[in-house]
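Here the structure is laid out as structure tokens; the discussion comes afterwards.
The values are calculated or read from the model by the stated rules, or taken from the named source; none is laboratory data. What you see is a predicted model; the values in this text were computed from it and never measured. Neighbour counts are summed over all protein chains in view; Cβ atoms, including those assigned to glycine, are modelled from backbone coordinates with ideal geometry.
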């Protein structure tokens with residue numbers, strides 16, 4: 001309904017800002033700790049949440065965060081409040097990596113999100129997240145992907161599964177594989193060997 005707002009931050013609270021635009025003030029729910037400052041000019045991408053007893057705007061600094069929010073609220077047991085809590089403790093990229101590497105404990109750090117709910121997030125969204133969607137590892141280390149990844153997704157997944165079978169954690173295995181530069185001729189075995197070097 002409302003794609004975005006461009007205006008001035010009139011008020012700031014823990015998880016809400018008021019955006020003043022053309023003489024009107026819009027209440028916008030935002031993830032905790034965004035650091036908005038009163039008086040600053042902003043553009044906030046919004047999602048309009050409508051129920052019988054509620055009409056709320058949820059706002060995000062980037063379209064990327066907004067799209068992940070939309071995915072999260074499709075998960076059974078994750079409403080807008082839960083999705084906002086997750087995006088308060090994780091960047092969009094870190095969340096994608098957690099889903100891809102099936103790291104439920106990272107998602108469960110969000111307030112009000114238990115281990116079972118985090119596992120549901122992974123179960124429902126894992127097929128919508130690919131390794132090439134992750135642009136950096138948690139902590140900011142950039143990923144070198146090599147050639148376009150679609151053709152090699154299966155090989156990378158097999159390498160991750162093989163590392164997991166060797167006793168490495170899924171998250172640890174995914175990080176190691178993500179650091180491997182894949183070429184046109186790369187095989188699962190070659191990716192596995194290079195990934196193992198990243199683990200030592």
Of all residues in region 67-77 being touching a residue at least 24 places away in the same chain (Cβ under 8 Å) and either surrounded by fewer than 13 Cβ atoms within 10 Å (Cβ to Cβ) or in contact with a strand residue (DSSP E or B) (Cβ under 7 Å, 6 or more places away or on another chain) (or both), the one that is nearest to residue 9 (Cα to Cα): 74
Count of residues meeting criterion [outside any strand (DSSP E or B) and closer than 16 Å to residue 60 by Cβ] in region 15-39: 8
Residue list for region 69-105, restricted to those being in a helix (DSSP H, G or I), more than 19 Å from residue 47 (Cα to Cα) and more than 11 Å from the chain's Cα centre (by Cα): 104, 105
Given (1) modelled with pLDDT under 90; (2) surrounded by 20 or more Cβ atoms within 10 Å (Cβ to Cβ); (3) assigned by TED's automatic domain parsing to the domain that holds residue 10, number of the condition residue 55 does not satisfy: (2)
Flag for residue 64 being without any contact (Cβ under 8 Å) to a residue 60 or more places away in the chain, in a helix (DSSP H, G or I) and over 13 Å from the mean Cα position of the chain (by Cα): no
Residue list for region 15-40, filter: on the phi > 0 side of the Ramachandran plot and in contact with a strand residue (DSSP E or B) (Cβ under 6 Å, 6 or more places away or on another chain): none
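From the list 39, 112, 35, 7, exactly one residue is surrounded by 14 or more Cβ atoms within 10 Å (Cβ to Cβ), without any contact (Cβ under 8 Å) to a residue 60 or more places away in the chain and over 30 Å from residue 176 (Cβ atoms). Which is it?
Working: 39 fails: surrounded by 14 or more Cβ atoms within 10 Å (Cβ to Cβ); 112 fails: surrounded by 14 or more Cβ atoms within 10 Å (Cβ to Cβ); 35 fails: surrounded by 14 or more Cβ atoms within 10 Å (Cβ to Cβ).
Sole residue among the options that is surrounded by 14 or more Cβ atoms within 10 Å (Cβ to Cβ), without any contact (Cβ under 8 Å) to a residue 60 or more places away in the chain and over 30 Å from residue 176 (Cβ atoms): 7.
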